Amino acid sequence: MSLPELKQLAGEIRALILTTVAKNGGHLAPSLGTVELTLALYSVFDLEIDKIVWDVGHQAYAHKILTGRRNIFHTLRTKGGISGFPRRSESPYDFFGVGHASTSISAALGLLAAEELQKKFGKVIAIIGDGALTGGEAFEALNHAGQLKKNLIVILNDNEMSIAKNVGALSEYLSEIRLAPQYQRAKKDFETFMKNLPLRDIGDKILNAAQSVRYGLKSAIVPGSMFEALGFTYLGPVDGHDLRAMKDIFSRVTVLDEPILIHVHTKKGKGYAPAENSPEKFHGVGKFDEVTGEVMKKPAPPTYTEIFGRTIVDCAKVNKKIVAITAAMPSGTGLKKFAEIFPDRFFDVGIAEEHAVTLAAGMAAGGLRPVVAIYSTFIQRAYDQILHDVCLQNLPVVFCLDRAGLVGEDGATHHGVFDMAFLRTIPNMNILAPKDENELRQMIFAAVENNFPAAIRYPRGSGLGVKIDDAPKNFSWGKSEIVFKSARAEVSILAVGTMVSVAVEAAEILGAKKIPANVINARFIKPLDEEIFSPEVCNSKILATCEEGTLSGGFGAAVAEFLADKNISARLLRFGIQDKFIEHGARSELLKICGLTAEQIAKKISDDLNGR
C-alpha cells in the first residue's frame, strides 16, 4: 500500500479498536499507540516467513485486526470470542502466547534458535515496551542474545517513560551512518587491518584504544550505549507514528546479520484525546462512552482494592515501620494514596516481582514491616523468593494479593486461581481469604502486627456493601466462624473468600428443599482451623468445601488431607476450579462454567444426598 493508503488504514483501525473497546473494555491506550508501528512492520516483514512476538500483548489489537480477525474483532474479550492477548491456539500468526511482561525477547530468541537449527531463515522480531523492559528477564535475554550474536531484532516501544533522551536530528544521523553498508564494511575492515599488523600486540593496543575512544564518544552522544554494551547495534529513537521513517529503518535492518535494537517512540492513546490525556486511565479500561471518554460505572460499594488502600494508610499512620512495595502497579493495587502521604515509605520497583519480594525480605530483616501489594497472577513469578528469602527466614512480610480468583475478561493469563495451592506448600506461610471487605480490613490490621509471613488474597471489584469498622476488632488468628446455622444440619459447607456468600445462598436454597445446612467461614487456608472438624461437622451426611481457586492443592485439598491424616470418614464434596485453564468472559459466566454458582452447588449437594 502507498503511504497515504497506510495512513487511511491506520485511521480505520483506530476507529475499530475504539468502538470495540468502548463496548467490551480492554487495553485501549497501548493499542492505539502501536497502529503505525504495526502497519510499518507488516509492510516490510512477511509473516509467512518472519515471526513477531509481542510482549504482554496489551498493544496487539492492530495485529489481531491485520491477521485475519477483523470480522470477529467485535467479540474481543467476550466468552467464546477472541482473547485480549496473542495466543497460539487462536491464530497461526500469534507465534507465542503472552500476557505477563518481559517475556518477548526470551521467546523470540528461542524461536530464532529453532529457525536456525531447522535451516529456516526468516527474521524474528520482539516488540517490548519501556515498562516491560524493567523486568529482569528482559535483560537476561538481551545479555544472552548479545552473547550469541544471533540475528535478532528487538523493537523497544517507548511510549511513556523515556529510557534515553531523544536527541533528534543528531541521533537520526548516527542511525543513518550505522545503517549504511559502507559503515559496516569499514568497521570490519579496520578491525581486520589492526589485528593483522606485524607487531600484533601494538595492533591490539591501537584497536583497543580506538574502541575506547569510540565507546567514550558514543556514550556521550548516543542514547543506546547500554544496549551496545550488551552486544546490540542500537538504532533510534525513531518516531513511532512516522510510517515512512519506520518502513525505511525496518527495510534496511533486514540486510544486517547481528543483534539489532530499534528504539521507537510512540504516544499511548494516539488519536483519541481522552486516552492521550489520561493514558493510565485508558491503559486497561472497562466499558466507556466513546464520545466523552467517561467510564460507565454503576453505583457500587467500595472495591476491595480501595479498602486495602485505605486500611494500609491507617495502619501506617500508627506503625511507623510499615512500608509498602508494588511492582509497577501503584494505582492498580490501591497504593497511590499511600505513596502521596508516605513517599519515603513507598517503593515501586517496576515490573520486577522477584526483586520486590527479596527487597521486602531485606526490609523485614532490617526491622521494618513491609506490605507487598501484587496481583495474584503476578506473584507467581516470585515463588522462589517467597520460599527462600521470606519464609525460610520466617520474616514478617505481608503479601496482599489483589485480583485473586477469576478476574473475567483478561482470561487465563490473569486469573488468580493458583495462589492458595502454591503458597500452601511453603512452611511458615499463613494464607487468609476474607468473606467481605470489612473482614479484609480486619485481616490487614492483624497481619501487620504479627511476626511471621502472611498472604491475604482478595478479589477484583466491589465488596458486598457491608459496614466498615474504623478501628481494629478482636480477630482470632487461625480461627474460623459459623456464618449460617441450621438446626440438625445434614450438610456442612466450609467456604473461603468470595465463596462464603455463595455458600450461604446455597444453604438457603437447600433449606427451602428441607435440607438443613451450616456454613462455616474458614477464613484461613493455612493454618487450617482443626476445631472446625467437630463431631457435628464430621458426622454430616455431606461435608463440602467451596473455594474460588484450583482444586489441585487448594483449600479443599487441605481439608481432604486433614481428614485422611486423622482417619476421619466423611462424605466430602469439593467445589472449585478443575485442573484446567479457564478462558475469558464475564466473571458470572466463568463461575457458571466452573460450577460455582449457588444454584449449582445446592443442586450437586441435593443430588448427592438423593443418590443421583
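For GluC sites (Glu not before Pro), the sites in the stretch 23-98 that DSSP calls loop and that have at most 13 other Cβ atoms within 10 Å are Glu48. The chymotrypsin sites (Phe, Trp or Tyr not before Pro) of the stretch 93-160 that meet both conditions, a loop assignment by DSSP and at most 10 other Cβ atoms within 10 Å of the site Cβ, are Phe121. Dividing the mean sequence gap of close Cα pairs (under 8 Å, 6+ apart) by how many residues the stretch 275-423 holds gives a relative contact order of 18 percent.
Were the residues from Glu536 through Val466 laid out at 0.36 nm apart, the gain over their Cα-Cα distance would be 22.2 nm.
Among the listed options [x] 29.2; [y] 32.8; [z] 37.9, the one matching mean projected area of the Cα convex hull in nm² as calculated from these coordinates is [y]. Can you compute the FRET efficiency between Asn143 and Asn394 using 1/(1 + (r/R0)^6), with r the Cβ-Cβ distance and R0 = 30 Å? Round to the nearest 0.05. So, using R0 = 30 Å, E works out to roughly 0.30. Here the label points at Thr254 and Gln118, each 7 Å from Cα along the C-beta direction, are separated by 2.1 nm in the simple model.
Computed extension length for Gln8-Asp242: 82.9 nm, one decimal, from 0.36 nm per residue of separation with the Cα-Cα distance subtracted. Alpha carbon centre of the stretch 226-291 versus the stretch 573-612: separation in Å? Taking the Cα centre of each part, the stretch 226-291 and the stretch 573-612 sit 44 Å apart.
For Lys592, a cut-off of 18 angstrom between C-alpha atoms picks up these aspartates and glutamates, skipping any fewer than 8 places away in its own chain: Glu409, Asp410, Glu505, Glu547, Glu548, Asp579, Glu583, Asp607.
Here's how it looks for Ile155: its modeled amide H is under 5 Å from those of Ala126, Ile127, Ile128, Ile262, which are all 5 or more places away or on a different chain.
Between Arg88 and Asp289, the FRET efficiency estimated from the beta carbon spacing at R0 = 30 angstrom works out to 0.30. Helix 3-24 axis versus longest C-alpha principal axis of the chain: approximately 10°, rounded to the nearest ten. Rounding to the nearest 10 and keeping the result within 0 to 90°, find how far the Cα-based axis of helix 35-44 lies from the longest principal axis of the chain. Computed tilt is about 50 degrees.
Ignoring lysines fewer than eight residues from Lys287 along the same chain, the ones with Cα atoms less than 17 angstrom from its Cα are Lys23, Lys79, Lys297, Lys298. Ligands, DNA and RNA left out, the 1.4 Å accessible surface of the stretch 294-343 is 60% carbon and sulfur atoms. Among the listed pairs Lys467/Lys604; Lys526/Lys566; Lys320/Lys473, those with a Cα-Cα distance over 26 Å are Lys467/Lys604.
At 1.4 Å probe size, with the rest of the protein present, what percent of the exposed accessible area of the stretch 223-281 is carbon and sulfur atoms? All intermediate terms of the calculation are to be shown ahead of the outcome.
Values: 1100 of 2280 Å².
Carbon and sulfur together cover 48 percent of it.
Note on Glu280 and Ser588: the model spin-label points, each 7 Å out from Cα along the C-beta direction, lie 3.2 nm apart.
Angle of helix 437-447 to the longest C-alpha principal axis of the chain, folded into 0 to 90 degrees and rounded to 10: 80°.
In the stretch 336-445, which GluC sites (Glu not before Pro) fall in coil by DSSP and have 12 or fewer other Cβ atoms within 10 Å? Here no loop site has a sparse enough neighbourhood.
Leaving out ligands and nucleic acids, and using a 1.4 Å probe, what accessible area per residue does the chain come to in Å²?
Numbers: 26320 Å² over 612 residues.
Per residue, the chain has an accessible area of 43 Å².
The values are calculated or read from the model by the stated rules, or taken from the named source; none is laboratory data. Treat the numbers as computed from the prediction; the structure is a model and nothing was measured. Using ideal geometry, Cβ is built from the backbone for each residue, glycine included, and neighbour counts are taken over all protein chains shown. Surface areas here come from the heavy atoms of the whole protein model, side chains and all, with no ligands, DNA or RNA. Shrake-Rupley method; radii C 1.70, N 1.55, O 1.52, S 1.80 Å.
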